[in-house]
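For reference, the structure is listed below as C-alpha cells.
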Amino acid sequence: MKKLKGLGKRAYNVMFHTHTVAGIVISFALFVIFFAGAFAMFRHETKQWEDPDLRQPLAQESDLDALLSQADEEFQLNFGQITNLNFPTEINPAFTIYGATNDSDTTTARVALRVNPVDGRIEDWEDPKTTVADTIYFLHYFRQIPVIGLYLSGFVGLFFLFSVITGLLIHWKNLFTKFYAFVKEGKWKVIWTNAHTVLGVIGLPFQVMYAVTGAFFGLLALVLLPSVILLYEGDSTKLFAKVQPQQAIEVDENAPPAVNHLSLNELEAQIHERYPDHHISRVQLRNYGKADGVVSWQIDHENSITAPGTISMQTKDGAILPEYSVLPETKTYSNAVTDYIFKLHFGTFGGAGLRFLYFILALLTCFMIITGVLIWRTARDNNRYTYLQRLFHHRVTKWYLAICLSMLPAFALLFLTNKVIPMEWDGRAAVVNRVFFLGWLGLTLIGLRWDKYSQQNRNYLLIAGVLGMLIPFANGLATGDWFWVSINSYPWVAAIDIFWLLVGGLSLYLVFFVLKVKPTSDKPIPTLEEEPTERKVFEEPAVEKPITALVKPG
Amino acid sequence: MPANTKYLSSIGAQISKLIAAIFGGYLASAALHIGIAKAVPNDTPVLLTATYSMFLVWCGLMVMVYLIRKAWVSWAILLLITLFGGYLIFSF
C-alpha cells in the first residue's frame, strides 16, 4: 500500500498529545451533540409522531386570507410588526403564525399561533403540549444551559475541527492503509485503535463539514462581532440586509390602509406559476393591509442545494421588488453562503435518504468518540502508571461511558413518557422533560456503580431494549395509530415506531446472545497491595500487562 | 501508545501555547479576515466567507502554535499576522 510522508518524530508526538488532550476534553460533550443531532435529523417527523394533532392529511389548497383574518379576529394581530406565516408540510400539516399582538395601547407582545387549515382551529403555540423533538434538538446545541449553551456547543465544534486536523496529521503516513483497516482481532487496544482510525478516515468529509458548520452556528457572534464593529459601525442589520435583502425593507407605520390590493391567495398563485418546482416554506408580511405593504415569499426545494430564494412583492400590484429579493436563478455568492451552510448542516438537500445517511454517519462518529476514550484508557492500563493514576483513568472512562451510553435508554424513556402521560394534562411537556433529564441523570449515576465497561454497555442496552420495544405499543394504545395501520396513512409515524421496535429488538438480541460480562470478582485495576513497588521508566519498552475490564465476545 | 513526554514542552510553555492557540489564533484569524474585507472593494463576500474560513484558519494557527518548538516564536507569528490585519483595517 502506498505510504505518504508522515510527520517527524517530535511533530508526531506533539500532535498526538494535543489530539489526545483536545479529544478527551470535548469527548462526552461531542458525543451528546452527535447523538442528539442524529435524532434531530428527523425532528419534524418526530413532531408528527409525538403529537396526534399533526396526524391529518395535508390540505391541498388553503385560503391564506381567510385563515389570517380569522387569526387576526381571535388574537388582534398587529401587522405593523414583522409577521411570518410558516406553511404546512406533509409531516406538519398546520400553518404557524409568528407575529405580534397589541397587549396594551402602546406595547406589543410576540405570539406564536398554530392554525389548522382543515378545521380552522387556532391554538396558542407558546406553551406546546409536547416537546420531544424540540427537547432533543435543543439538547443538540445545549440550549438548556442558559446563555452559554450555544457558545459551548460552538467551541466543542471548533475543538472537534482541531482534533480532526491533528488526527489526520497523525495518521497521514498510513492514510491509505487505515482506510481498509477493518480489524476485529487482536488486543483490545488494537481493535479500538483500528475502529477509531477507520471511522475517522471514512467519516472525514462528514466530520469536517459538521465541525465547521457546527462552529458556524455556535460561534457566529465571535465572527460577526468584530467585523460589524469595525466595518458597519456596530449595526449588524446592515450586514444581515446584504445577505437577506428582505430585512432591509422599510415601511411607514402611518401609511394609509390598503385599497383594492391583491389578496395573498392571488400573490401566492403568481409564485406557484413562476416557480412550479418549488414549494413555499414561509411568507413574511410587512405592513400587511397598509398601502405600502410588502410580502416576501420564501421558496425552497427539498432535493436541491441551490434552491432557496426569497421573492418580495408589493401587495398593491404584485410587482416584484428585485432589490429586496433573492431569485434562485440569479442569486449571488453572498446570498447563497448561509443558505448552503444551513442546507449542509440540516441535511435538507437530498431528501430523507440523505438524512438517514447522516443519521448513520453521526452514530458512527459517536462510536469513534467512544473508541477514542477507550484507546486513551487502554493505552494507560499498564504498570508505567501508579495505582492512583490508573484509578483516575478508570473513573474518568466510567463517567464518560455512563453519560454517553445512558443516552439511548434516556431517549427511549423520553419517547415512552410522551405517550404514557395523557395529552390532556396541563403542563405535561414540562413533566416529560423532567422525567427525561432526571431519568438520564439517574441512569448515569446507576451506571457508575457498574464497575466494568462491558457491564455498563450490556445493562444500558438492556434498559434501552425494554423501553424501546414498549414505545410502538404505547403509541398504539395512546393514539390508536398502530404502526401496521399508520404505515399507509402516516408513514413517518409508523417509521418511528418500527425504528424503536428494531432498536429495542437489536439491543435485546445483543444483550442475550452476543455480549458477555466477566464475573464481578475480576477487578478492572489492581488494588493498592498489588501495585508494583518500582515504576518502569517511561523510555523503556512497555511490558504490556493489560488488565482489562472487557472480555472478548464469544 | 501515549505520546513520548521527552518531546513535549514544560508546563509554563504549554499554558502559554494554549492561550496563544485559542486567543492568539482567534485574534490573528479575525484580524486577517476583517483586514482583507476592508482592503477589497466589496466586503460582503469576504465577511460571508469568513463565517466558515475563520474557523479553518483559526484551527490551522492552533496546529501551527503546537508544531513550533518555542512558544514565543508562535506568539511573534500570531502578533505579526494580527498587526498585518490591523494595518489593512486602518489603512483602507
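Yes/no per residue for (1) assigned to a loop (DSSP other than H, G, I, E, B); (2) within 12 Å of chain B (Cβ to nearest Cβ); (3) in contact with a Phe, Trp or Tyr (Cβ under 8 Å, 6 or more places away or on another chain):
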position: A:VAL198; (1), (2), (3): no, no, yes
position: A:PHE216; (1), (2), (3): no, yes, yes
position: A:LEU224; (1), (2), (3): no, yes, no
position: A:GLU233; (1), (2), (3): yes, no, no
position: A:LYS242; (1), (2), (3): no, yes, no
position: A:GLN246; (1), (2), (3): no, no, yes
position: A:ASN254; (1), (2), (3): yes, no, no
position: A:GLU266; (1), (2), (3): no, no, no
position: A:ILE280; (1), (2), (3): no, no, yes
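Tell me whether the stretch A:332-344 contains one or more residues that are part of a loop (DSSP other than H, G, I, E, B), of a type outside the set (Lys, Arg) and surrounded by 15 or more Cβ atoms within 10 Å (Cβ to Cβ). No, the conditions are met nowhere in the stretch A:332-344.
Cβ-Cβ distances below 9 Å connect the following pairs, each with a first residue in the stretch A:95-124 that is more than 16 Å from A:SER281 (Cα to Cα) and without any contact (Cβ under 8 Å) to a residue 24 or more places away in the chain, a second residue that is among the acidic types (Asp, Glu) and in a strand (DSSP E or B), and a separation of six or more residues or different chains: A:ALA112/A:ASP124. Taking the conditions (1) away from chain B (no Cβ under 14 Å); (2) not hydroxyl-bearing (Ser, Thr, Tyr); (3) not in a helix (DSSP H, G or I) in turn, A:TRP172 satisfies each one other than (1).
Of all residues in the stretch A:135-152, those that are within 20 Å of A:VAL432 (Cβ to Cβ) have Cβ atoms under 8 Å from Cβ atoms of residues that are basic (Lys, Arg) and part of a helix (DSSP H, G or I), 6 or more apart or on another chain, in A:ILE136/A:ARG43; A:TYR137/A:ARG43. In the stretch A:473-489, is there at least one residue being touching an Asp or Glu at 6+ places or on another chain (Cβ under 7 Å), farther than 20 Å from A:TRP399 by Cβ and in a helix (DSSP H, G or I)? Checking the stretch A:473-489: at least one residue is touching an Asp or Glu at 6+ places or on another chain (Cβ under 7 Å), farther than 20 Å from A:TRP399 by Cβ and in a helix (DSSP H, G or I).
Could you say which residue among B:LEU83, B:LEU67, B:LEU79 is under 29 Å from A:HIS19 (Cβ atoms) and either more than 8 Å from every other protein chain (Cβ to nearest Cβ) or out of contact with any helix residue (DSSP H, G or I) (no Cβ under 7 Å at 6 or more places or on another chain) (or both)? Let's see the steps before the verdict.
Details: B:LEU83 fails: under 29 Å from A:HIS19 (Cβ atoms); B:LEU67 fails: either more than 8 Å from every other protein chain (Cβ to nearest Cβ) or out of contact with any helix residue (DSSP H, G or I) (no Cβ under 7 Å at 6 or more places or on another chain) (or both).
Exactly one of B:LEU83, B:LEU67, B:LEU79 is under 29 Å from A:HIS19 (Cβ atoms) and either more than 8 Å from every other protein chain (Cβ to nearest Cβ) or out of contact with any helix residue (DSSP H, G or I) (no Cβ under 7 Å at 6 or more places or on another chain) (or both), namely B:LEU79.
Evaluated against (1) more than 10 Å from chain B (Cβ to nearest Cβ); (2) over 28 Å from the mean Cα position of the chain (by Cα), A:ILE202 falls short on exactly one condition, (2). Against the conditions (1) surrounded by 20 or more Cβ atoms within 10 Å (Cβ to Cβ); (2) over 18 Å from A:ILE33 (Cβ atoms); (3) more than 9 Å from chain B (Cβ to nearest Cβ), A:LYS187 satisfies every one except (1).
Among the listed residues A:PHE79, A:PHE16, A:PHE34, A:PHE39, which satisfies the condition of being among the aromatic types (Phe, Trp, Tyr) and modelled with pLDDT under 90? Don't jump to the end; show me each part of the working.
Details: A:PHE16 fails: modelled with pLDDT under 90; A:PHE34 fails: modelled with pLDDT under 90; A:PHE39 fails: modelled with pLDDT under 90.
Being among the aromatic types (Phe, Trp, Tyr) and modelled with pLDDT under 90 holds for just one of A:PHE79, A:PHE16, A:PHE34, A:PHE39, which is A:PHE79.
Within the stretch A:143-196, the set of residues being at pLDDT below 90 and β-branched (Val, Ile, Thr) comprises A:VAL147, A:THR177, A:VAL183, A:VAL190, A:ILE191, A:THR193. Identify all residues within the stretch A:373-389 that are touching a residue at least 60 places away in the same chain (Cβ under 8 Å) and away from every other protein chain (no Cβ under 13 Å); write none if there are none. A:VAL373, A:LEU374, A:ASN383, A:THR386, A:TYR387 - these are the residues of the stretch A:373-389 that are touching a residue at least 60 places away in the same chain (Cβ under 8 Å) and away from every other protein chain (no Cβ under 13 Å).
Every test in (1) surrounded by 16 or more Cβ atoms within 10 Å (Cβ to Cβ); (2) within 14 Å of chain B (Cβ to nearest Cβ); (3) on the phi > 0 side of the Ramachandran plot is passed by A:GLY289 save one, and that test is (2). The single condition among (1) more than 18 Å from A:ILE33 (Cβ to Cβ); (2) buried (at least 18 other Cβ atoms within 10 Å of the Cβ) that A:CYS366 does not satisfy is (1). Would it be correct to say that A:LEU461 is of a type outside the set (Ser, Thr, Tyr), more than 27 Å from A:LEU54 (Cα to Cα) and modelled with pLDDT of 95 or more? Yes, satisfied. Checking each residue in the stretch A:13-30 for being closer than 27 Å to A:LEU139 by Cα and without any contact (Cβ under 8 Å) to a residue 40 or more places away in the chain picks out only A:VAL21. With the condition kept exactly as written, say whether any residue in the stretch A:292-315 is within 14 Å of chain B (Cβ to nearest Cβ) and either in a strand (DSSP E or B) or under 21 Å from A:PHE240 (Cα atoms) (or both). Checked against the condition, which is being within 14 Å of chain B (Cβ to nearest Cβ) and either in a strand (DSSP E or B) or under 21 Å from A:PHE240 (Cα atoms) (or both), the stretch A:292-315 yields no hits at all.
Residues that are under 30 Å from A:HIS171 (Cα atoms): list the helices (runs of 4 or more DSSP H) wholly contained in the stretch A:1-76 that include at least 1 such residues.
Values: elements: A:9-40, A:43-50, A:64-75.
Passing ranges, in order: A:9-40.
Looking only at residues that are within 7 Å of another protein chain (Cβ to nearest Cβ) and assigned to a helix (DSSP H, G or I) in the stretch B:1-25, which one is surrounded by the fewest Cβ atoms within 10 Å (Cβ to Cβ)? If you could, list the steps in order and put the result at the bottom.
We begin by selecting, within the stretch B:1-25, every residue within 7 Å of another protein chain (Cβ to nearest Cβ); these are B:1-5, B:7-8.
Right, trim to assigned to a helix (DSSP H, G or I) and you get B:5, B:7.
Values: B:THR5: 10, B:TYR7: 16.
By that ranking, first place goes to B:THR5.
Quick one: is A:GLN284 closer than 28 Å to B:ASP43 by Cα, buried (at least 16 other Cβ atoms within 10 Å of the Cβ) and away from chain B (no Cβ under 14 Å)?
yes
Among the conditions (1) at pLDDT below 95; (2) out of contact with any helix residue (DSSP H, G or I) (no Cβ under 8 Å at 6 or more places or on another chain); (3) exposed (fewer than 15 other Cβ atoms within 10 Å of the Cβ), A:LEU438 misses just one, which is (1).
The values are calculated or read from the model by the stated rules, or taken from the named source; none is laboratory data. All values derive from a computational prediction rather than experimental measurement. Counting neighbours? That spans all protein chains shown, and the Cβs are built from the backbone with ideal geometry, glycine included.
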